[in-house]
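*Asks:* Have a look at this one before I ask anything.
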Amino acid sequence: MKLIFIGAQGSGKGTQGKIIARKMSLCHISTGDLLREATGKLAEEIHGYIDEGNLVPNELILKLLKQRISQDDCEKGFILDGYPRNLEQAKELDKITKIDYVIEIDISDDESVKRILGRALCKKCNINYNLVTQPKPANPEKCDICGGFLERRVDDNEEALRKRLEIYHEDTEPILEHYDSIKINGEQDIKDVSEEILNALNE
């Protein structure tokens, strides 16, 4: 089975992508990880764009994806997390593979903002926490593992988040009309979201 997981910031699509991939023996593919882990000439090209603060061209991302989905661990299928981000990319993706379903993990904009504003990172050991969802630190200012102080990302402010949500609604949501899509209530516990996705796919 070949799936795309999409959802607004804070929807938990990355978390659910990993859970469902493990339960269904699918390959979880994060485009962010792909870009970071690229090697050889492709890596040189990619870092040339990133180092200059530019977006990596879609052609390069497609090359990476084509290589990745041809590997043995993707034989049973895969979950794409973070790609495509717009309708144009979806149409280009169609040229290299056929997607069975898009799983939309649906949360409100207000819930998205609340979750993202709750994010915190331990600068000492790089453990991620969330003051709203899981995992929550016992002390909202300190890491449970190493005791380091928790910090929030500079761009995690409401004004920036609202702008990112506008882009998501305008650019990414049209993908739902392009594929067979399944809407999942993302405002449940992580376990309940996973169960709803599995039940929908089994049906």
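*Asks:* Going 7 Å from the Cα of residue 157 toward and past its Cβ, which residues in the stretch 106-143 have a backbone nitrogen under 19 Å from where you end up?
*Replies:* 113-121
*Asks:* Another one. Which of the aspartates and glutamates could be linked to residue 66 by a straight reach, that is with a Cα gap under 20 Å, when you skip same-chain ones fewer than 8 residues away?
*Replies:* Within reach: 33, 37, 44, 45, 75, 81, 88, 92, 94, 100.
*Asks:* Using 0.36 nm per residue of separation minus the Cα-Cα distance, give me the extension gain between residue 88 and residue 195 in nm, one decimal.
*Replies:* Extending this stretch completely gives an extra 35.4 nm.
*Asks:* Related question: Can you give the % of DSSP beta bridges in the stretch 100-203 that are antiparallel, to the nearest 5?
*Replies:* On the way: 7 of 12 bridges.
Antiparallel: roughly 60 percent of the beta bridges in the stretch 100-203.
*Asks:* Can I ask one more? Between residue 76 and residue 149, take the C-beta separation as r, use R0 = 45 Å, and let me know the FRET efficiency to the nearest 0.05.
*Replies:* Once rounded, the FRET efficiency stands at 0.60.
*Asks:* So how do 169, 28 line up by other beta-carbon neighbours within 10 Å, fewest first?
*Replies:* 169, 28
*Asks:* Could you sort the peptides 178-185, 159-166, 58-65 by per-residue average Cβ neighbour count (10 Å cutoff), highest mean leading? If you can, show how the numbers build up before the last one.
*Replies:* On the way: 178-185: 15.8, 159-166: 13.6, 58-65: 17.5.
Most protected by this proxy first, the peptides run 58-65, 178-185, 159-166.
*Asks:* Could you give the length gained by full extension between residue 66 and residue 188, i.e. 0.36 nm per residue of separation minus their alpha carbon distance, to one decimal place?
*Replies:* Details: separation 122, 0.36 × 122 = 43.92 nm, distance 3.40 nm.
My answer for the length gained is 40.5 nm.
*Asks:* Just subtract the alpha-carbon distance of residue 203 and residue 128 from 0.36 nm times their residue separation and send over the number in nm, one decimal. Provide the component values of the computation, followed by the final result.
*Replies:* Numbers: separation 75, 0.36 × 75 = 27.00 nm, distance 3.43 nm.
Gain on stretching residue 203 to residue 128: 23.6 nm.
*Asks:* Check cross-link reach from residue 142 to the lysines: straight Cα distance under 23 Å, and skip same-chain residues fewer than eight apart.
*Replies:* Result set, ordered by chain and number: 114, 123, 124.
*Asks:* Which residues in the stretch 74-89 have a backbone N closer than 20 Å to a point placed 7 Å from the Cα of residue 180 along the Cα-to-Cβ line?
*Replies:* Backbone N within reach: 75-81, 84.
*Asks:* Largest first, please: the extent of the C-alpha atoms of the chain along each principal axis, to the nearest Å.
*Replies:* 48, 44, 33
*Asks:* If you take every DSSP beta bridge whose two residues both sit in the chain, what share of them, in percent to the nearest 5, is antiparallel?
*Replies:* Of those bridges, close to 30 percent are antiparallel.
*Asks:* Quick one: 3J(HN,Hα) in Hz for the stretch 172-181, Karplus 6.51/-1.76/1.60 with θ = phi - 60°, rounded, Gly and Pro as x.
*Replies:* 3J(HN,Hα) across the stretch 172-181, in whole Hz: 8, 4, x, 4, 4, 7, 7, 10, 6, 10.
*Asks:* Then there's this: Give me the one-decimal nm value for the distance between modelled label points at residue 23 and residue 108, 7 Å along each residue's Cα-to-Cβ direction.
*Replies:* So the two model labels end up 2.6 nm from each other.
All of the numbers you see were taken from the coordinates with simple rules; none came from a lab. Because the structure is predicted, anything quoted here is derived from the model rather than measured. Reconstructed Cβ throughout: ideal geometry from the backbone, glycine too, with neighbour counts over all protein chains shown.
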